[in-house]
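Take a look at the structure below.
FYI, it's all coordinate maths here, none of it is from the lab. Not measured: the values here are computed from a predicted model.
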Amino acid sequence: MINVGIIGTGFIGPAHIEALRRLGNVAVVALCDSNQASADAHAQQLHVPHAYSDVAAFLQHPDLHVVHNCTPNHLHAAINRQIIQAGKHVFSEKPLCMTLEEARTLVRLAEEAGVAHGVSFVYRQFAMVQQAASMVRNGETGRLFAVQGSYLQDWMLEETDYNWRVEAGKGGASRAVADIGSHWCDTAQFITGRKIVEVMADLAIVWPTRKASQQGAATFGGQQQAAQYDEKPVTTEDMGFVLLRFEDGAKGSFSVSQVAAGRKNRLSLEVSGSAASLAWDQETPQQMWIGHRRHANQILSDDPSLLNGDIAARARFPGGHIEGWPDAFRAMMAAFYQAVEKGRMPERGAAGFATFHDGAQVMAVVEAIMQSHQQQRWVKVQY
């Protein structure tokens, strides 16, 4: 068994634990939280045998092989460094850290330490996203020349919607772009096999001041009754619109919003080529639309018998059996733990999961988007 520890028990930590337990060869042996009472309570709830409130002590847990960093954004860089320096394989929630400079340092440290390193860009793991990428690689779309889409949510729609992600000191200078736009960029680059090299952005804050509940609020939490509020200034964007240039000359655009009423988690993406177009929506993840000029369009489902041979195994169940976000999360972990079992990273670009290199490159895209908005001009991606 591979022994794993989890740091952070908010929205995403339990999702990591659930996915890991589905692999069969992984034991979650310890977790770490911000204080001992919380750590003990979550350990009991999640059936994890050991609980810590100090990261240094946690990293000394006997026979610990891999650590997952599921903490808030502002803690990612320091904790990722600690994990690497302890000689553990590391899987980090995104963003990899808060700045591109930190990301470059983490890439170097991970490579020098020889540990397996991954970042939680999960949407590339959906079977239909894998199918789209396979079709592009095989030339089934012809020459690609356009990529467009959006990532829309509504959990920050109201003035009283507030959590730590709003605060630049904890979530980073960017919110909507860094939090969900980064997922869109990674998915677009994965499907096309092309990097975003230049951006032009226009971002917006819908609520310059928000009302923060004095009781605190969880990510994607529900409404609180009779809450008391504090007025908080907001400096991170609620939505944005971005023009893109890809390394081969293809063009693109996407919009991002956390204030789109009724949209819960809608990552949608369409690529246009000289032979066909492909479109996918994460809220209907088992279908992909294939557009044609001279014959009927298609709706392809994720039946393994219908998918390209090189990725058919990514749909684990027969057609008609629903697979969604938890299954993509499991697939991401399965790919990462193949590298852990081998004790080394695959060749650059050959990993079946997003690496620290990918995390740093997407961070460079986000930083370019922020700079473009501030300066109102096209900005090159520096990675």
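The alpha carbon centroids of segment 1-71 and segment 83-152 are separated by 23 Å.
Given the pairs Lys195/Lys342; Lys94/Lys264; Lys195/Lys251; Lys170/Lys232; Lys195/Lys380, which span a C-alpha to C-alpha distance of over 23 angstrom in this model? Cα-Cα > 23 Å for Lys195/Lys342; rest within.
Here, P(r) means the percent of Cα pairs in each 10 Å bin from 0 to the largest distance; for segment 134-205 it is 15, 41, 26, 14, 4. Every helix of 4 or more DSSP H residues in the chain counts as -39500 (n - 2.57), and over all residues that averages to -9000 deg cm²/dmol at 222 nm. Computed over Cα pairs, the Kirkwood radius of segment 160-281 leads via Stokes-Einstein (0.692 mPa s, 37 °C) to a diffusion coefficient of 203 µm² per second. Over segment 103-149, the fraction of Cα-Cα pairs per 10 Å bin, rounded to whole percents and listed from the shortest bin up, is 20, 31, 26, 23, 0.
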